Amino acid sequence: MTNNRDGFQSRIGFVLAAAGAAVGLGNIWGFPTQAANHGGGAFLLVYFIVIFALALPALFTELYLGYAAQANPVQALKRAWHTKAPKLGAGAGYLGLGGAVVMLSFYSIVAGWMLAHALAPIAQMLDLPKVAEFLSNDSLARNLVFTPLMLLLTASIILQGVKSGIEAWSRRLMPLLLVLLVGLIFYIGSLDGAAEGFAHYLKPDFDKVWDADLIIAAMGQAFFSLSLGVGCMMIYGSYLKPGANLGKLTLSVAALDTSVAFLAGLLIVPAIFVASHNGVEVFANGKLIGEGQLIFAVLPQLFEAMGAMGLVIALAFFVLMSIASVTSTISSTEIPVAFLVENHDMDRKRATALVTLVVAIASGTIIMNFDWLFGLVIQVFTQYQLPLMGLFYFLTLGWVWSRGNKLAESNHPGIKVLLWYIRLVCPILMTAVFINVALK
């Protein structure tokens, strides 16, 4: 059922939706602490280089596979492998579907935390201290309430389709995310201690530029920050109209995603130093504390120390985090939904309901076995599946797919250089990332 498929109606709609898929919690809580702990400006410099060296080709590869096939990842990879091993291609597509469900199962839990924390300041403003306490503190009950809420919120957008759902909501949510981010930067930047944070984040320590740990960390962050390897970009690429300028669109998506990551650093790192100025413990073993503690311990303490204004800032910050969560859950949900619609002739309503139910069961299983299962699921997904799938995409486009691959058939010198870069350099870089994250 690839005829008359729904799709993006405008270039800006696609860019905002794809950037929204890429802009997730990793950009806003992972990137800043990675930068702060790896030489500040030196990490930024290497990160920007790596974006061009690895992340841009990976993003282009995944978008192109979907765009050329005009189909979901199972069909797209099966067609790319049709002359060699179509079952292997389809199998990789199914692995991507499973990965999307796995990602949604833990991401929806974390997204629920963000939504709960966003509502907590409102409860305080309404003088409902017990409700605020419930919303702010981790508990089984809170997980069982807010994880389904996030799943239903995501489903309500997916039900509306690509044009009326994904594109329309991305055009609303992404500008709001940027406005909140910039507004928070200006406010936090005006507080005591922020200047030291800006210096720590932006001032390069060039002695660390050639540090192997820094380079590998930058490569991993660049790859993961664009949500590559799970099929999100493949399904979004398949919704582009024929004749789209994929090169320009790839640059636009990567530029917007990288800009958000950079801006997040301008918010988070100074906020950490403002918190430190207010007596909050922000360092552990000489490094800034990890992402989870940062978001749910350090920053709430800072907001609390701000008094009434802190409630407004907390509300804005966790709304920002909730938006980043939703734009990512939307893209991941669309992968299995599109598969059910196209491969099994399901209508979108039934497909969305089935995917939401499966993810709810998976999330519930994690919640009920949280202590050992949550971390394990994230570890397997991020350290093994994502980099291996990214490597598989490079090998597919560069070496396997020949008949019908316009890149392989082209005589344009620039395209030939790009194809050989994808064939030779990208797999080496991706293997380096995999070895690093797998052996952590």
Out of Leu228, Leu181, Leu140, any idea which swings most in a Gaussian network model of the chain, alpha carbons joined below 10 Å? Leu140
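Taking a ≥ b ≥ c as the square roots of the Cα gyration tensor eigenvalues, with a/c under 1.5 meaning rounded and otherwise prolate when a/b beats b/c, else oblate, which class fits region 125-262? Can you show the working numbers first?
Working: a/c = 1.77, a/b = 1.02, b/c = 1.73.
Judged from the Cα gyration tensor, region 125-262 comes out oblate (a/c at least 1.5, b/c at or above a/b).
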Just Gly99, Gly229, Gly247 to compare: in a GNM of the chain, with alpha carbon springs under 10 Å, which one fluctuates most? Gly247
1/(1 + (r/R0)^6) with r = Cβ-Cβ of Leu144 and Ser190, R0 = 41 Å, i.e. FRET efficiency to nearest 0.05, evaluates to 0.55
Obtain the nm distance between the two label points defined at Ser402 and Val312 by a simple spin-label model: each point lies 7 Å from its Cα along the Cα-to-C-beta direction. 6.6 nm
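Compute the FRET efficiency between His82 and Asp213 as 1/(1 + (r/R0)^6), taking r as their Cβ-Cβ distance and R0 = 45 Å, and round to the nearest 0.05.
Details: r = 41 Å, r/R0 = 0.92.
The pair His82/Asp213 has a calculated efficiency of 0.60.
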Row for region 255-303, column shape: gyration tensor on C-alpha, a ≥ b ≥ c, rounded if a/c < 1.5 i.e. under 1.5, prolate if a/b over b/c, else oblate; value prolate
Hey, how many Å between the Cα centroid of region 211-274 and the Cα centroid of region 389-405? 21 Å
Where is the GNM fluctuation largest for the chain (alpha-carbon springs, 10 angstrom cutoff): Ser105, Ser139, Ser325? Ser139
Can you pull the accessible area of Val341 for me, 1.4 Å probe, Å² to the nearest 10? 30 Å²
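Largest first, what is the accessible-area ranking of Ile28, Ile216 with a 1.4 Å probe? Before the final figure, lay out each step's value.
Values: Ile28 0, Ile216 35 Å².
The residues order as Ile216, Ile28, largest area first.
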Along Cα→Cβ, 7 Å out, is where each label goes; now give me the distance between the ones at Arg423 and Ser259 in nm to one decimal. 3.6 nm
Starting from the 7 Å offset along Cα-to-Cβ, what nm value, one decimal, do you get for the label separation of Asp345 and Lys241? 3.0 nm
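Where in region 357-438 are there trypsin sites (Lys or Arg not before Pro) that are in a DSSP coil and have at most 11 other Cβ atoms within 10 angstrom of their Cβ? The partial results should precede the final answer.
On the way: sites: Arg403, Lys406, Lys416, Arg423; in loops: Arg403.
Here the trypsin sites (Lys or Arg not before Pro) that fit, given the DSSP loop and packing criteria, are Arg403.
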Classify region 347-389 as rounded, prolate or oblate from the Cα gyration tensor: take a ≥ b ≥ c as the square roots of its eigenvalues, call it rounded if a/c is under 1.5, otherwise prolate when a/b beats b/c and oblate if not. oblate
Of Leu407, Gly13, Pro73, which is farthest along the charge dipole of the chain in the positive direction, counting Lys and Arg as +1 and Asp and Glu as -1 at C-beta? Leu407
Residue among Ala212, Gly237, Leu202 farthest towards the positive dipole end of region 136-252, charges placed on Cβ: Gly237
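Work out the length of the dipole vector of region 142-274 about its Cα centre, built from +1 on the beta-carbon of each Lys and Arg and -1 on the beta-carbon of each Asp and Glu, and round it to the nearest 20 debye. Mind dumping the intermediate values first?
Numbers: 8 positive and 8 negative charges, 155 e Å.
Using Cβ point charges on Lys, Arg, Asp and Glu, region 142-274 gives about 740 debye.
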With a 1.4 Å probe and all protein chains in place, put Lys248, Lys130 in order of accessible area, largest first. Lys130, Lys248
Could you tell me how far the Cα centroid of region 39-107 sits from the Cα centroid of region 339-377, in Å? 20 Å
How would you rank 14-20, 90-96, highest first, on the average number of other Cβ atoms within 10 Å across their residues? 14-20, 90-96
Longest principal axis of the chain (C-alpha) makes with the long axis of helix 11-22 (C-alpha) an angle, in degrees to the nearest 10, of 60 degrees
At 1.4 Å probe size, what's the solvent-accessible area of Val101? Round to the nearest 10 Å². 30 Å²
Mind checking region 1-110 for trypsin sites (Lys or Arg not before Pro) that DSSP puts in a loop (not H, G, I, E or B) and that have at most 12 other Cβ atoms within 10 Å? none
Residue by residue, what Karplus-based ³J(HN,Hα) values in Hz, rounded to whole numbers, does region 43-58 have, using 6.51, -1.76 and 1.60 with θ = phi - 60° and x for Gly and Pro? 5, 4, 4, 5, 4, 5, 5, 5, 3, 6, 6, 10, 5, 4, x, 5
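About the Cα centre of the chain, how large is the charge dipole given +1 on each Lys and Arg Cβ and -1 on each Asp and Glu Cβ? Please answer in debye to the nearest 20.
On the way: 24 positive and 22 negative charges, 348 e Å.
The dipole of the chain has a size of about 1660 debye.
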Going by alpha carbons, how many degrees (0 to 90, nearest 10) lie between the helix axis of 140-158 and the longest principal axis of the chain? 40 degrees
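Could you work out the local net charge near Glu409, counting Lys and Arg as +1, Asp and Glu as -1, over the other residues with Cβ closer than 11 Å to its Cβ?
Details: positive: Arg403, Lys406, Lys416; negative: none.
Counting the neighbours of Glu409, the net charge comes to +3.
Output the relative contact order of the chain, whole-number percent, from Cα pairs under 8 angstrom with separation of 6+ residues. Walk me through the numbers on the way to the answer.
Values: 678 pairs, mean separation 147.6, N = 440.
Relative contact order comes out at 34 percent.
Taking the solvent-accessible surface of protein heavy atoms with a 1.4 Å probe, what is the per residue accessible area of region 272-402 in Å²?
Ligands and nucleic acids excluded, the figure is 41 Å² per residue.
If His82, His38 are ordered by their accessible area, calculated over protein heavy atoms with a 1.4 Å probe, which sequence runs from highest to lowest?
Values: His82 75, His38 35 Å².
Ranking His82, His38 by accessible area, largest first, yields His82, His38.
The values are calculated or read from the model by the stated rules, or taken from the named source; none is laboratory data. Here the structure is a predicted model, which is why all the values come from computation and not from measurement. No Cβ is skipped: glycine too gets one built from the backbone with ideal geometry, and neighbour counts run over all protein chains shown. The protein model used for the area step is the full one, side chains on, heavy atoms only, and it has no ligands, DNA or RNA in it. Shrake-Rupley method; radii C 1.70, N 1.55, O 1.52, S 1.80 Å.
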